[in-house]
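Enquirer: This is the structure I have questions about; it appears just below.
The values are calculated or read from the model by the stated rules, or taken from the named source; none is laboratory data. Model, not experiment: these values are computed from the prediction. FYI the Cβ positions are ideal-geometry reconstructions off the backbone, even for glycines, and counts take in every protein chain you see. Note: areas computed on protein heavy atoms with side chains; ligands, DNA, RNA excluded. Shrake-Rupley method; radii C 1.70, N 1.55, O 1.52, S 1.80 Å.
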Amino acid sequence: MPKVLISDKMSNAAMEVFKARGVDVDVITGLSKDEIIKIIPEYDGLAVRSSTRPDAEIIAAAKNLKVIGRAGIGVDNIDIKAATDRGIVVMNTPFGNAVTTAEHAIAMLFAAARQIPSASARTQNGEWPKSDFKGVELFNKTLGIIGCGNIGALVAERALGLKMKVIAYDPYLTEERAVKLGVTKVELDELLANADFITLHVPFTDQTANILSAENIAKTKKGVRIVNCARGGLVDEAALAEALKSGQVAGAAFDVFAVEPATDSPLFNLPNVVVTPHLGAATTEAQENVALQVADQMSDYLLTGAVSNALNMPSVTAEEAQIMGPWLKLSGHLGAFIGQLTDEPIKAINILYDGVVSEMNLDALNCGVIAGIMKRANPDVNMVSAPVVAREKGIQISTTNQDKSGAFEGYVKVTVVTDKRERSIAGTVFSDGKPRFIQIKGIQIDAEVGRHMLYTTNEDVPGIIGALGQTM
């Protein structure tokens, strides 16, 4: 029975799901790093939120760990590279708190536009400061969304309902998707120059760090209001504070900060700033949703091999895992066979999918082939780590798929290219679900795949079979 550790506080629903699915689960929160390192070897899965930080040391100690599940979107606290190198799947729950975070961003837009927290505090303090608070309407204003993925799209939908004009900067947003969402796709400089409000909905990466730098803040429309409910570090907080003081920026509402917990920030104590302590996902519904989702996803992977919302390998649904299971095994066998047949450094791996298999999840099948090939040099490699190992070695991977072209309903052919030669092997899955080799180095064969197999190359002369039999 697989065993999972829940090391951060989350809804009890997660524990109940694991138990119902037949997964052994321990809930131990508040552990120090050394305490986690001591107990992690006994677990197959680790479920976390943001407090536990599975770094390279913890992952190195996790001898049996197969999956790390983050109940939430951000995975800044997880060393994904270290996990990938060890073949550990890292998955998050990108949809469980999307609505909650989008609603919080809209709430922060209103709060920044009308200075609601300051007005409330002073009124409750016995004042009646009506003349001190002159806000602005959201109606007919232009909202600039930086990052129009899941959450950004939900914010856009709600902003359009408020009769705002919405422009979006996102390199991955297609024109077709923009039209469907009802937003106008623009470049960053155009967004900065035209937006009355700006809201950020991108992950923190090398490309997005300080995307609103001092230079970019200076490009904004005078009097803009900026909302950040995404990740800390996307905005230069010191530069924003100066822009708020000068009037270049009229207001800001921040739920996230470069350093958290944020006990101090250049944005604190400014009259035109609203701050909350990372509450974007802090609703009853969201906490329940992400807990349920991470437990289901981890259980699926540990029990059936299905992969959902993984950050370091292709996703495979439970239905796909059931249908593709024999083909995944075949892919691994083909890769392992051709890998053992190849002595020289590999330059390229070419994979052909024919017939029924060409319509399956080819990314996952590719991982199976590559893992099989890489195992000769590194027995610990698996479907998660294999593509990274291949990439680090400079091996080029190419994939071709085609309609049924032969006697079989479908087959997979793997060709390995070195400086000296090309070698290939092909296989199929029969109706009994068993993988078969049907071609090796261009020679047609029919061989059931066994646990131990012997392949020899010899001159076609009498006596070879007898000599082989005597040797065996």
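Enquirer: Around Ala193, with a cut-off of 13 angstrom between Cβ atoms, what is the net charge of the other residues, counting Lys and Arg +1 and Asp and Glu -1?
Expert: On the way: positive: Lys219, Lys221, Lys222; negative: Glu187, Asp189, Glu190, Asp196.
Around Ala193, the surrounding residues sum to -1.
Enquirer: Taking a 1.4 Å probe, which of Tyr43, Tyr172, Tyr455 shows the most accessible area, and what order do the others take after it? List each step's numbers first, then the result.
Expert: Values: Tyr43 5, Tyr172 200, Tyr455 75 Å².
Listed by decreasing accessible area, they come as Tyr172, Tyr455, Tyr43.
Enquirer: Mind ranking 205-214, 178-187 by how tightly packed they are, going by the mean number of other C-beta atoms within 10 angstrom, highest first?
Expert: Working: 205-214: 14.6, 178-187: 16.3.
The most tightly packed comes first, giving 178-187, 205-214.
Enquirer: Okay, next question. Largest first and to the nearest Å, give the Cα extent of region 385-438 along each principal axis.
Expert: Cα spread of region 385-438 along its principal axes, largest to smallest: 38, 26, 19 Å.
Enquirer: In bins 10 Å wide, starting from 0, what share of all Cα pairs of region 65-131 does each bin hold, as a percent?
Expert: 18, 26, 19, 17, 13, 6, 1
Enquirer: Next question. Rounded to the nearest 10 Å², what accessible area does Arg177 show when all protein chains are kept and the probe is 1.4 Å?
Expert: Roughly 100 Å² of Arg177 is accessible to a 1.4 Å probe.
Enquirer: Ranked by accessible surface with a 1.4 Å probe, highest first, in what order do Met313, Met91, Met383, Met472 come?
Expert: Working: Met313 25, Met91 0, Met383 55, Met472 155 Å².
Per-residue accessible area, sorted high to low, gives Met472, Met383, Met313, Met91.
Enquirer: Follow-up question, since we're still on this one. Angle check, please: helix 98-114 long axis (alpha carbons) against the longest principal axis of the chain (alpha carbons), in degrees 0 to 90, nearest 10.
Expert: The angle comes out near 20 degrees.
Enquirer: Take the Cα atoms of the chain, find their three principal axes, and give me the spread along each one in whole Å, biggest first.
Expert: In descending order, the Cα extents are 106, 47, 36 Å.
Enquirer: For region 431-472, take the alpha-carbon Rg, divide it by the Kirkwood Rh, and send me Rg/Rh.
Expert: Numbers: Rg = 13.0 Å, Rh = 12.5 Å.
Looking at region 431-472, the ratio lands at 1.04.
Enquirer: What per residue convex hull volume, in Å³, comes out for region 171-297 when only alpha-carbon positions are used?
Expert: Details: hull volume 18.4 nm³, N = 127.
For region 171-297, the hull spanned by Cα atoms encloses 145 Å³ per residue.
Enquirer: Quick check: convex hull of the Cα atoms in region 1-143, volume per residue, rounded to a whole Å³? Don't jump to the answer; show the numbers that get you there.
Expert: On the way: hull volume 24.1 nm³, N = 143.
Roughly 168 Å³ of hull volume per residue.
Enquirer: Is region 18-88 rounded, prolate or oblate when judged by the Cα gyration tensor, a ≥ b ≥ c being the square roots of its eigenvalues, rounded requiring a/c under 1.5 and prolate requiring a/b larger than b/c? Walk me through the numbers on the way to the answer.
Expert: Numbers: a/c = 1.28, a/b = 1.22, b/c = 1.05.
The shape class here is rounded.
Enquirer: Sorted by accessible area (1.4 Å probe), largest first, how do Tyr353, Tyr411 line up? Kindly include the intermediate steps, with their values, before the conclusion.
Expert: Working: Tyr353 0, Tyr411 40 Å².
Largest accessible area first, the residues go Tyr411, Tyr353.
Enquirer: Where only protein heavy atoms count, and the probe is 1.4 Å, what is the accessible area per residue for region 233-278 in Å²? It would help to have the intermediate numbers written out before the result.
Expert: Working: 2050 Å² over 46 residues.
Per-residue accessible area for region 233-278 comes out at 45 Å².
Enquirer: Here is a follow-up. Pairing the Cα long axis of helix 150-161 with the longest principal axis of the chain, what angle in degrees results, from 0 to 90 and rounded to the nearest 10?
Expert: 40 degrees
Enquirer: Here is a follow-up. log10 I(q)/I(0), Debye, Cα-only region 347-442, no solvent, q = 0.19, 0.20, 0.24, 0.26 Å⁻¹?
Expert: Values returned for q = 0.19, 0.20, 0.24, 0.26 Å⁻¹ are -0.95, -1.04, -1.35, -1.45.
Enquirer: OK, next. Could you please state, rounded to a whole Å, how far the C-alpha centre of region 269-322 is from the C-alpha centre of region 66-118?
Expert: Cα centres, region 269-322 to region 66-118: 8 Å.
Enquirer: Treating the beta-carbon of each Lys and Arg as +1 and of each Asp and Glu as -1, no other charges, what is the dipole magnitude of region 68-127 about its Cα centre, to the nearest 20 debye?
Expert: Values: 5 positive and 5 negative charges, 6 e Å.
In debye, rounded to 20, region 68-127 gives about 20.
Enquirer: Right, another one. Compute the long axis of helix 12-21 from its Cα atoms, compare it with the longest principal axis of the Cα atoms of the chain, and write down the angle in degrees, 0 to 90, nearest 10.
Expert: Here the helix axis deviates by roughly 20 degrees.
Enquirer: Starting at 0 and stepping by 5 Å, how many percent of the alpha carbon pairs of region 113-207 end up in each bin?
Expert: 3, 13, 21, 19, 13, 10, 9, 7, 4, 1, 0
Enquirer: Tally Lys and Arg at +1 and Asp and Glu at -1 over the other residues with C-beta under 12 Å from the C-beta of Thr100: what net charge comes out? Working shown, then result.
Expert: On the way: positive: none; negative: Glu103, Asp255, Glu285, Glu288.
Around Thr100, the surrounding residues sum to -4.
Enquirer: Also, quick follow-up: Taking every alpha carbon pair in region 294-357, what does the distance histogram look like in 10 angstrom bins from 0, in percent?
Expert: Reading the bins upward from 0: 17, 39, 29, 13, 1.
Enquirer: Once the piece of chain linking Glu285 and Ser398 is laid out straight, how much longer is it, given 0.36 nm per residue of separation minus the C-alpha distance between them?
Expert: On the way: separation 113, 0.36 × 113 = 40.68 nm, distance 4.35 nm.
Between Glu285 and Ser398, full extension yields 36.3 nm more.
Enquirer: Also: Please identify every one of the trypsin sites (Lys or Arg not before Pro) in region 198-289 that sits in a loop by DSSP and has no more than 10 other beta carbons within 10 Å of its own beta carbon. The partial results should precede the final answer.
Expert: On the way: sites: Lys219, Lys221, Lys222, Arg225, Arg231, Lys245; in loops: Lys219, Lys221, Lys222, Arg231.
Here the sparse-neighbourhood loop sites are Lys222.
Enquirer: May I pose another question? Roughly what would the spin-label model give for Thr471 and Ile80, points 7 Å off Cα along C-beta, in nm?
Expert: Rounded to a tenth, the inter-label distance reads 4.9 nm.
Enquirer: With Rg and the Kirkwood Rh both taken from Cα atoms, where does Rg over Rh land for region 222-301? Please report the intermediate quantities before stating the final value.
Expert: Values: Rg = 16.4 Å, Rh = 14.3 Å.
Radius of gyration over Kirkwood radius for region 222-301 works out to 1.15.
Enquirer: Rounded to the nearest 10 Å², what accessible area does His201 have for a 1.4 Å probe in the complete protein model?
Expert: Near enough 30 Å² of accessible area.
Enquirer: If you don't mind, another one. Using a 1.4 Å probe on the protein chains only, how many percent of the accessible area of the chain belongs to carbon and sulfur? Walk me through the numbers on the way to the answer.
Expert: Numbers: 12030 of 23470 Å².
Looking at the chain in its full context, I get 51 percent from C and S.
Enquirer: Net charge around Ser358, counting only other residues with Cβ within less than 12 Å of its Cβ (Lys, Arg = +1; Asp, Glu = -1)?
Expert: Values: positive: Lys404, Lys413; negative: Asp354, Glu359, Asp403, Glu409.
Here the count lands on -2.
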